[in-house]
Amino acid sequence: MIANELTRWYKLNKRELPFRMNKDPYSVWVSEIMAQQTRIETMVPYYLRWMAKFPDIQTCANADETEILKAWEGLGYYRRARMLWNGAKMIVNEYHGIFPSDYATIREIPGIGDYTAAAILSIAFNQPVPAVDGNVLRVVSRVLMSSSDIAKDSTKKHITNVLNEWMVGAEPSDFTQGLMELGALVCKVSAPDCQQCPIRHHCLSFQHGVQKDFPVKSLHKKPKSESYVVHLVVDNDFLLISKDWSDGLMEGYLRLPQVRENDDRFVISESLFSFKHVFSHKIWLLSVVKSRFTDGVELSDDYSWLPISEIDSVAWISAHRKILLKTLKKSDFSSL
Ligand code: SF4
């Protein structure tokens, strides 16, 4: 049986990761949210810091937004942090701080989709609910030699049904984690290590030598590039900052003024450097300049002044944090 071979392999080969030390649903939840779009090696230090600061749902719910955003700073996709915080508040307010253990209720928690709900239920509550993410879709598509497009909901549904059958009689927690671990360590995207794979005797694409042809996935659109000028405006010991979140990105995180070219509110005195910041759906092409505010122009409500001494204690969007780090390293910031 696939499940037996997989769980046996998992017990012998799993990585010792901090969030595997216990099966508390809050820890599983935090680790799953952090691991979305982030490599495990990158998220582990964040996970450890987060758990040291907010060790349980209550502490997380009681934190203020600035603490939450600061703890997430640098991890990207900041909406996840706010969702986690809102979810913790919901669990405290509506469920007395006790993590619910049924699918429908868990799905109502902010930021928890089908995959995360299933991962929490199977890993923390040991319920046989298949968690289907990109790794799992790849492994199962290869085993079945399935040509169905994994970007389609119908494929996900079919693979969920297959996993429901595979899970019968298995330990759900080890099965789910085993499949995830197999996808991460053995059945990798470009170089599946089939000789090390515990389920190779069940794998049709291995038997036909066509592992790399699967899974089949329709291409998604190229991210759009947008050009902006980022202004470093310093007046005495204060830095001009922006709280304009009208583009919907990383609300709550401070920004430097970032505007389109030829914005006559700013007078540029020097060009500093340019760089590219890549999101999953768009690319920012940023020109960083030293500027001052044009005489007589009033600051809009989105702008304010931050003492330079506080730069490090507030949470920044990551592109602008990089600019500040680079600028601070290059020169005495106050001389800008
Ligand atoms: S045999 Fe190879 S392709 Fe098949 S599941 Fe294992 S690692 Fe993936």
(request) Within region 177-223, track down each residue that is within 17 Å of ARG39 (Cα to Cα) and loosely packed, with under 13 Cβ neighbours inside 10 Å. (result) VAL189, SER190
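If we keep just the residues of region 1-54 that are hydrophobic (A, V, I, L, M, F, W, C) and part of a loop (DSSP other than H, G, I, E, B), which is nearest to ILE109 (Cα to Cα)? Quick ask: steps written out before the conclusion?
Going residue by residue through region 1-54, those that are hydrophobic (A, V, I, L, M, F, W, C) are 1-3, 6, 9, 12, 17, 19, 21, 28-30, 33-35, 40, 43-44, 48, 50-52, 54.
Filter once more, so that each one left must be part of a loop (DSSP other than H, G, I, E, B): 1, 17, 21, 54.
Working: MET1: 35, LEU17: 25, MET21: 24, PHE54: 18 Å.
By that ranking, first place goes to PHE54.
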(request) From the list VAL259, VAL288, pick out the single residue that is within 18 Å of LEU328 (Cβ to Cβ) and surrounded by 14 or more Cβ atoms within 10 Å (Cβ to Cβ). (result) VAL288
(request) Give the residues of region 85-114 that are in contact (Cβ under 8 Å) with a residue 24 or more places away in the chain, part of a helix (DSSP H, G or I) and under 27 Å from ILE159 (Cβ atoms), sorted by residue number. (result) GLY87, TYR103
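Please verify whether HIS231 is more than 16 Å from the ligand (Cβ to nearest atom), of a type outside the set (D, E, K, R), in a strand (DSSP E or B) and in contact with a helix residue (DSSP H, G or I) (Cβ under 6 Å, 6 or more places away or on another chain), treating the condition exactly as stated. Please lay out each step first, then the result.
Numbers: more than 16 Å from the ligand (Cβ to nearest atom): yes; of a type outside the set (D, E, K, R): yes; in a strand (DSSP E or B): yes; in contact with a helix residue (DSSP H, G or I) (Cβ under 6 Å, 6 or more places away or on another chain): no.
Judged against the criteria, HIS231 is not a match.
Among the residues of region 213-228, count how many are assigned to a loop (DSSP other than H, G, I, E, B), out of contact with any Lys or Arg (no Cβ under 6 Å at 6 or more places or on another chain) and away from the ligand (no atom under 16 Å from the Cβ).
Residues of region 213-228 assigned to a loop (DSSP other than H, G, I, E, B): 214-215, 217-223.
Restricting the remaining residues to those that are out of contact with any Lys or Arg (no Cβ under 6 Å at 6 or more places or on another chain) gives 217-222.
With away from the ligand (no atom under 16 Å from the Cβ) added as a condition, the list becomes 218-222.
Here the count works out to 5.
Scan region 158-165 and tell me whether some residue there is within 30 Å of ARG260 (Cα to Cα) and either crowded, with 16+ Cβ neighbours inside 10 Å or aliphatic (A, V, I, L, M) (or both).
Quick first cut of region 158-165, residues within 30 Å of ARG260 (Cα to Cα) only: none.
There is no residue in region 158-165 that is within 30 Å of ARG260 (Cα to Cα) and either crowded, with 16+ Cβ neighbours inside 10 Å or aliphatic (A, V, I, L, M) (or both).
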(request) Taking PHE206 as meeting all but one of (1) closer than 28 Å to GLU41 by Cβ; (2) in a loop (DSSP other than H, G, I, E, B), write down the number of the exception. (result) (2)
(request) Could you look through region 120-155, keep only residues that are surrounded by fewer than 18 Cβ atoms within 10 Å (Cβ to Cβ) and part of a helix (DSSP H, G or I), and pick out the one that is nearest to the ligand (Cβ to nearest atom)? (result) GLY134
(request) List the number of the failed condition for SER190; all other conditions in (1) in a loop (DSSP other than H, G, I, E, B); (2) under 30 Å from TRP29 (Cβ atoms); (3) in contact (Cβ under 8 Å) with a residue 12 or more places away in the chain; (4) within 16 Å of the ligand (Cβ to nearest atom) hold. (result) (2)
(request) Tell me, please, whether a residue that is of a type in the set (Lys, Arg) and outside any strand (DSSP E or B) can be found in region 247-263. (result) yes
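What about ASP174, is it within 21 Å of GLN37 (Cα to Cα) and away from the ligand (no atom under 16 Å from the Cβ)? Before the answer, list the steps.
Values: within 21 Å of GLN37 (Cα to Cα): no; away from the ligand (no atom under 16 Å from the Cβ): yes.
Against the criterion (within 21 Å of GLN37 (Cα to Cα) and away from the ligand (no atom under 16 Å from the Cβ)), ASP174 does not qualify.
Only the coordinates and a few stated rules stand behind these numbers; no lab work does. The shown structure was predicted, so the numbers you read here are calculated from the model rather than taken from an experiment. Neighbour counts are summed over all protein chains in view; Cβ atoms, including those assigned to glycine, are modelled from backbone coordinates with ideal geometry.
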